[in-house]
Amino acid sequence: MRPDGVPEGPGGQVDLDRFDHVRTWTQDGFTLDLYDTGKVDRQGKSVLAYSLTDAEHGDVVIFQGADFHCSPLHANDSDRTVASLLNFLSLRPGDTDQEHFDEYTEEQLEWCDARAEELSQLAHELDLPYRPVRDWKLDHESWDEAQRARRYNRAITLTYTHGSARHRVVLQAGEADEIDVLSDGNAVYVLTSNFGLGYVGLEVFPDGAREAEAFVQGSEVEECLGESFWDLSPSEKTAQLVPYLGDSCPSFEGERQKTESLLDDLSEEMRERLRTFLRLGNENPWVREAWDPPFNELSFCVCSDEDQLIEKILRGNWCLGQAFVLDDICFINQVDGGDEWLTIKGSTAFESITMQTATESREQAEERIRDTLRRIRSASEEQCRKLDY
């Protein structure tokens, strides 16, 4: 086992019968079985056993092991845990150090060449907070339906399957709009975007009825969602829009109240800084994938002094997007449950910093962070941008 808790390599035979089976995931011929070994490492991560088979390769076991350390931020049987393990199992020569594959059999290497890329894509989709819905189609309501609704033109309708039920809903979308249909497992999200006209909308359907909607247009798109919004994937766009869902969705009312309470306690200068940090965080390809919880104003903890920042940041196992602020300096976590922090001074994102390396004691990490803070404070933004601090 490597020091970071990642398995040495998926191989060997394991007596899985002595473990508790927690989940079976299957798609496109792949089957992954997960087992709880009952062990927890010193970082609080559950140690899981696993077995991957592939119907396309004779339904034989491809990989098996009992040394996968699950993030404590995710349930052992969650989609995020399955996706994390599948990402590891789908590694191919060239993706990481060659020594990783030293103990692979010839059959495993052949499987990697033939099927690992497809498994990697499935893992990517599974890891997305909002995943594409496959079974859906667009149409139009009938003229009778339009007349009853007092519409002069027929509205666009969406028919989709969610769970075991088939639904048909009317969308608030135009003929020239680009439409994507996604799901987080609990509800269906319909993303409507029109780059030419400069607007984007999101409708949420948990059970065949619209529960909430958001609409952003004009200059508000870049101001609220970031300058790179139009370049994002549909899943990333949806994650960016969720915090803006309307009051008709009670599950987001509490989040808005918390945000308002947070901002009420801050000076206007700090509010402006948080808006800048939020924009820069959303421009980071890792941070903007945060979804549980999403990256927004509530992700920021404004620290009163250096001691408080260090105490909090070294506590460890922070979620993706968690941010700590001290004056005009901000650190945003770029790895879910990890320790790699996007570092910002003022309006400049310039560095990625590990707060405590595997070989450092807490005291050593504390001393290094204090020195780093001193150097960042003493440097100008231009010096930070050039990494001359």
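The values are calculated or read from the model by the stated rules, or taken from the named source; none is laboratory data. Since the model is a prediction, treat every value here as computed from it, not as a measurement. Here the Cβ is made from the backbone with ideal geometry for all residues, glycine too, and neighbour counts use every protein chain on show.
Here are some notes:
- Candidates LEU86, LEU91, LEU122 - the one that is under 30 Å from THR159 (Cβ atoms) and either of a type in the set (A, V, I, L, M, F, W, C) or touching a Pro at 6+ places or on another chain (Cβ under 7 Å) (or both): LEU122
- Test for LYS45: is it surrounded by 14 or more Cβ atoms within 10 Å (Cβ to Cβ), closer than 24 Å to ALA358 by Cβ and more than 20 Å from the chain's Cα centre (by Cα): no
This table checks each residue for (1) surrounded by fewer than 19 Cβ atoms within 10 Å (Cβ to Cβ); (2) not in a helix (DSSP H, G or I).
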residue: LEU309; (1), (2): no, no
residue: ILE344; (1), (2): no, yes
residue: MET355; (1), (2): no, yes
residue: GLU360; (1), (2): yes, yes
residue: ARG368; (1), (2): yes, no
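- All of (1) crowded, with 17+ Cβ neighbours inside 10 Å; (2) within 20 Å of ASP20 (Cα to Cα) hold for GLY38 with one exception: (1).
- Cβ-Cβ distances below 8 Å connect the following pairs, each with a first residue in region 210-221 that is within 16 Å of LEU197 (Cβ to Cβ) and assigned by TED's automatic domain parsing to the domain that holds TYR189, a second residue that is crowded, with 16+ Cβ neighbours inside 10 Å and modelled with pLDDT under 85, and a separation of six or more residues or different chains: VAL216/CYS224; VAL216/LEU225; VAL216/TYR244.
- Hits in region 269-307 (condition: in a helix (DSSP H, G or I), of a type in the set (A, V, I, L, M) and touching a residue at least 24 places away in the same chain (Cβ under 8 Å)): MET270, LEU274, LEU280, VAL287, LEU298
Here's the yes/no breakdown for (1) at pLDDT 85 or above; (2) assigned to a helix (DSSP H, G or I); (3) more than 30 Å from VAL190 (Cα to Cα):
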site: SER84; (1), (2), (3): yes, yes, no
site: PHE88; (1), (2), (3): yes, yes, yes
site: LEU91; (1), (2), (3): yes, no, yes
site: GLU107; (1), (2), (3): yes, yes, yes
site: LEU119; (1), (2), (3): yes, yes, no
site: ALA123; (1), (2), (3): yes, yes, no
site: LEU126; (1), (2), (3): no, yes, no
site: ARG134; (1), (2), (3): no, no, no
site: LYS137; (1), (2), (3): yes, no, no
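- Restricting region 311-325 to residues that are at negative phi and surrounded by fewer than 20 Cβ atoms within 10 Å (Cβ to Cβ), the residue that is nearest to the chain's Cα centre (by Cα): CYS319
- Hey, LEU109 touching a residue at least 24 places away in the same chain (Cβ under 8 Å) and either among the aliphatic types (A, V, I, L, M) or not assigned by TED's automatic domain parsing to the domain that holds ASP184 (or both) or not: no
- Qualifying residue in region 158-166 (condition: in contact with a strand residue (DSSP E or B) (Cβ under 8 Å, 6 or more places away or on another chain), free of Cβ contacts under 8 Å to residues at least 24 places away in the same chain and within 24 Å of PRO206 (Cα to Cα)): yes
- Subset of region 55-81 (residues that are in contact with a helix residue (DSSP H, G or I) (Cβ under 6 Å, 6 or more places away or on another chain), closer than 27 Å to ASP184 by Cα and not in a loop (DSSP other than H, G, I, E, B)): PHE68, ASP79
- GLN172 meets each of the listed conditions (1) in contact with a Gly (Cβ under 7 Å, 6 or more places away or on another chain); (2) closer than 29 Å to SER78 by Cα; (3) in a loop (DSSP other than H, G, I, E, B) apart from (2).
- Residue in region 342-365 that is farthest from ASN284 (Cα to Cα), counting only those that are under 29 Å from the mean Cα position of the chain (by Cα) and among the acidic types (Asp, Glu): GLU360
- If the condition is being surrounded by fewer than 19 Cβ atoms within 10 Å (Cβ to Cβ) and outside any loop (DSSP other than H, G, I, E, B), then region 329-342 contributes no residue at all.
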